Amino acid sequence: MCIRDRSTGDDCCCDGEMLLTRRRVLVVACALLGSLLGLFKMMLILPQLEPVPYLRKAPPSRPNRPNPANTLSQLSNKSPIWSEQHELRLAMEARKKSNGVVLYSEAGCFGEKIVVSSMSNEPNCKSCWDACGKTYPSGTDANLHIRSVQLAGSDLWGRRFYRSCVGTYHYDQPEEVKLMPSGTPGCYHFDKSAALASVVWHDAPDHSRIFLPQSYRVLYSAESATYFGYQAYAHLLGFKRSQQQTSPATGYTRLLTASEPDDLSTEKGGVIPTFTAARHPRFSFAYGPFNKPDVVDKFMQSGAATENVMVLTDPDNFLVQSVANVASEVHPGHGAGAGAFFLGNPQVLRLWRECICSLSHRRGACAGLPPVRQDEIEKEFPDEPQVAHHWVRGRLEPQVWAAGKLLDGQQCDVHPDHVAVPYFVHREDLTAMAPVWKYITVQILQIRHKVDPLLRGLQLSWCAEMYGYIFAAAALGVKHKVWTGLQLRDVEAKISWEQGRDQDIKMIHMGRAWFPQAYAHRVTPQWIHTEGRDLRPPGTEQVWCKCNWTAADQVPWPLPAGIDFVSNVTLTLIHDSYQQFGRPPTNKFRAGNTPDGYHKSFP
């Protein structure tokens, strides 16, 4: 049998068996070449692929599926959006095409530049940027010194330019700046008399609703007492109403410090999913907040936490909105939290460097103060087989005992992040941090009374575990972003319900409630408190406080018009939780609404 070589035209003759062998070799060679070409194509394509963003699906009862062409306009709505993957990709492609401008200090798009994204926000607007208070990299004031603009993508989202800082100050009719093409392709300038001060995307979607989801669990630590009972019910109802992520499903657990589960736990027929751990025989009674790192450590060591992200709140953190977009940005080594009351206080760094990060070389405020000895730590935290070991710098060590090895001075250059609850932290990080958190809290408890007079702004007498958390994160190299807008506290500026909804407040930190003064004196004088008068916002009267032993029993209702956001959420969730779950009864777990019984905890 002969075959012709097409390259030379020569005939090559051979027997059939040899030809069959050659054909097999040719087939194998072609297959290998095809595989190499396919691999090369994948190498070219993979870097171009974008992760599919997440848009929360609407309930199954939604009557119509949105047209892909209308998806982008629907993104700006607060209601949930139903969308398929190809529609999500369209949304992401549009986002990539319309997400920024570059502002230059000289004409023709030369000189220093500032890149501005449509994800920028200012106090008075979202998807906007103001030049006021901004500088170029050299430090030159950007306001009144922007000479040209380069546009990125199409004007799909209604990009506009203004002479005034509309995101910082209020203007009824801000004057718009019109761009004119320059001699440089893609570059624009404007009338020399115009002063470009703001960029606003009027039709941009809410970027907080475009993200890749990951699983998370909401946690909080508590004891069984009258003080905690109504908070536990209101916390649960807030979770149920706040439309948390359903895919992946969101977990929820109360971490209870007690000798047995109480009657509110699902284990005893109640409605609250609960993990129960016994008290530490010494520190739980000496300093109640120690229970938080203690029970968190026991929960994480139990293996019950399977979600990627742990959202650690307090019982008086009532959820209002989904926190799925915040949880989506957490990954190992990087978490988030609300700004703490000590945000920006330089004494935090002093406490870390002089007292904690190098226990064997204390100085400054802690000079001459010995740390808790290792044998004492071993005595307080015996080696329990089921939770006995913990990885520290590549070695398996007893969990709490090993924490001291981290505080050897190697991390003293780290600046602890000034965050507080709610903490958003990866499961792996919290598992590693929790025993260190306990260890550092114990070390702070030993020195707090001597250091407090020197570092008065830190309030160590009741915040030891707060510093324990951020110092544990610093010791293990876990960074936390200070996330603005996570919560609104009762002692902060008062806003209306509408403002709270528009600002996308995730949760409140409740404590007190106020009624408009005229209404309180005319309609509900029986609710007016003499306690807390100095904290009253203008034109209001305090009508409720968790600090009062009557708080669980006397809940002002109905609510008047004009009540502030935090007061509204606080009283509504407590009242409605009683309607849905009933009032937590007085029994062995809760001593009742009396001066002595209100705070008394079940052992």
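Tally Lys and Arg at +1 and Asp and Glu at -1 over the other residues with C-beta under 12 Å from the C-beta of ASN568: what net charge comes out? If you can, show how the numbers build up before the last one.
On the way: positive: LYS494, ARG501; negative: ASP490, GLU498, ASP564, ASP576.
Around ASN568, the charge tally is -2.
Starting at the first residue of region 259-270, write each ³J(HN,Hα) from the Karplus equation 6.51 cos²θ - 1.76 cosθ + 1.60 with θ = phi - 60°, in whole Hz, x for Gly and Pro.
Couplings: 7, 7, x, 8, 6, 7, 7, 4, 5, 10, x, x Hz.
Under the Karplus relation 6.51 cos²θ - 1.76 cosθ + 1.60, θ = phi - 60°, what is the ordered set of whole-Hz ³J(HN,Hα) values for region 405-417, x standing for Gly and Pro?
Going residue by residue, I get 5, 6, 9, 10, x, 5, 9, 5, 7, 6, 9, x, 7 Hz, with x marking Gly and Pro.
Just the accessible area per residue of region 544-588, please: how many Å² with a 1.4 Å probe?
Working: 1930 Å² over 45 residues.
For region 544-588, the per-residue accessible area is 43 Å².
Run the accessible area of region 125-167 with a 1.4 Å probe and give the carbon-and-sulfur part as a rounded percent.
Details: 950 of 1840 Å².
Ligands and nucleic acids excluded, carbon and sulfur reach 52 percent.
What whole-number value in Å² describes the accessible area per residue of region 281-325 for a 1.4 Å probe? Walk me through the numbers on the way to the answer.
Details: 1260 Å² over 45 residues.
Value returned for region 281-325: 28 Å² of accessible area per residue.
As I understand it, the dipole of region 507-603 uses +1 on the Cβ of Lys and Arg and -1 on the Cβ of Asp and Glu, about the Cα centre. Which of GLY597, ILE508, VAL566 lies farthest toward its positive end?
Going by the Cα projections, it comes out as GLY597.
Using the structure shown, list the pairs from LYS134/LYS546; LYS298/LYS481; LYS405/LYS588 with a Cα-Cα distance above 32 Å, or answer none. Walk me through the numbers on the way to the answer.
Numbers: LYS134/LYS546 42 Å; LYS298/LYS481 26 Å; LYS405/LYS588 42 Å.
Going by Cα-Cα distance, LYS134/LYS546; LYS405/LYS588 fall outside the 32 Å limit.
Sorted by accessible area (1.4 Å probe), largest first, how do MET310, MET466, MET180 line up?
Values: MET310 0, MET466 30, MET180 80 Å².
Most to least solvent-accessible, the answer reads MET180, MET466, MET310.
Along the charge dipole of region 459-579, which of LEU488, ALA520, CYS463 sits closest to the positive end, that is, farthest toward it, with unit charges on the beta carbon of Lys, Arg, Asp and Glu (+1, +1, -1, -1)?
Result: CYS463, furthest along the dipole toward the positive end.
Under a 1.4 angstrom probe, counting protein chains only, how are TYR188, TYR233 ranked by accessible area, largest first?
Numbers: TYR188 70, TYR233 20 Å².
The ordering from most to least exposed comes out as TYR188, TYR233.
Under the classification rounded if a/c is under 1.5, otherwise prolate if a/b is larger than b/c and oblate if not, where does region 446-535 fall, given a ≥ b ≥ c as square roots of the Cα gyration tensor eigenvalues?
Numbers: a/c = 4.10, a/b = 1.59, b/c = 2.57.
Because a/c hits 1.5 or more and a/b fails to exceed b/c, region 446-535 counts as oblate.
Using heavy-atom solvent-accessible surface (probe 1.4 Å) with all chains present, what is the largest-first order of TRP527, TRP549?
Details: TRP527 50, TRP549 110 Å².
Solvent-accessible surface, decreasing: TRP549, TRP527.
Apply the Karplus curve 6.51 cos²θ - 1.76 cosθ + 1.60, θ = phi - 60°, to the phi angles in region 475-492 and return the couplings in whole Hz, x for Gly and Pro.
Result, rounded to whole Hz: 5, 9, x, 9, 8, 10, 7, 7, 9, 6, x, 5, 8, 10, 8, 5, 8, 8.
Give, as a single signed number, the net charge of other residues whose beta carbon lies under 14 Å from the beta carbon of LYS292, with Lys and Arg counted +1 and Asp and Glu -1.
Values: positive: ARG254, ARG279, LYS298, LYS438; negative: GLU223, ASP294, ASP297, ASP314, ASP316, GLU465.
Spelling it out: positives minus negatives among the neighbours equals -2.
Tell me the net charge near PRO174. Cut-off is 14 Å between Cβ atoms, PRO174 excluded, with +1 for each Lys or Arg and -1 for each Asp or Glu. Before the final figure, lay out each step's value.
Numbers: positive: ARG160, ARG163, LYS178; negative: GLU122, ASP130, ASP172, GLU175, GLU176.
Computed value for this residue: -2.
The values are calculated or read from the model by the stated rules, or taken from the named source; none is laboratory data. Predicted model only: the values in this text are computed from it and were never measured. No Cβ is skipped: glycine too gets one built from the backbone with ideal geometry, and neighbour counts run over all protein chains shown. Just so you know, the surface numbers come from the protein's heavy atoms only, side chains and all, with ligands and any DNA or RNA stripped out. Shrake-Rupley method; radii C 1.70, N 1.55, O 1.52, S 1.80 Å.
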